[in-house]
Amino acid sequence: MKTISLKLPDSLRKALEEEARRRQLNTSELVRECLERELYKTSAARKLSCYDLIHESIGSVHSGLCDLATNPTYLGDFGK
């Protein structure tokens, strides 16, 4: 196994050390685990945003009320 060095901001280093302590691992083991999980996951398994999930449907349903969010007529009893 080859050794590498990297610079981390203090906040990230602290979070790494706390998580390693919580999981009873040394920091090298935790870094390897995180890198493996990120680098070897398939693109299908990557987390998708809400937009990624519904972008094809945006605008496909139209209620006919194009000014629903701005017209005071529709906002009269909002929040009551």
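Observations on the structure shown:
- Counting only alpha carbon atoms, the long axis of helix 27-40 and the longest principal axis of the chain meet at about 50°.
- Förster radius 25 Å - calculated FRET efficiency between residue 15 and residue 49 (Cβ-Cβ, nearest 0.05): 0.60
- Within a Gaussian network of the chain (alpha carbon springs, distance under 10 Å), most fluctuating of 30, 68, 48: 68
- Here residue 2 is the anchor, and the aspartates and glutamates within straight C-alpha reach of less than 17 Å, apart from those fewer than 8 places off in the same chain, are 29, 33, 36.
- Helix 10-22 vs. the chain, principal-axis angle (Cα, 0 to 90°, nearest 10): 70
- Computed from point charges on the beta carbon alone (+1 for Lys and Arg, -1 for Asp and Glu), the dipole magnitude for the range 8-56 about its Cα centre is near 140 Debye.
- Computed extension gain for residue 40 through residue 67, at 0.36 nm per residue and net of the alpha carbon distance, reaches 5.1 nm.
- Working from label points 7 Å from Cα in the Cα-to-Cβ sense, the residue 58 to residue 1 distance is 4.3 nm.
- Ordering 74, 40 from the fewest to the most neighbouring beta carbons within 10 Å gives 40, 74.
- Annotation for residue 8 and residue 75: the two label points, set 7 Å from Cα along the Cα-Cβ direction, are 4.6 nm apart.
- For the chain, the Cα-based Rg and Dmax, in that order, read 23.6, 68 Å.
Throughout, read-outs are computed from the coordinates displayed, never taken from laboratory work. Owing to the predicted nature of the structure, the values given are computational and were not obtained by experimental measurement. Cβ coordinates were reconstructed from backbone atoms using ideal geometry, including for glycine residues, and neighbour counts include every protein chain displayed.
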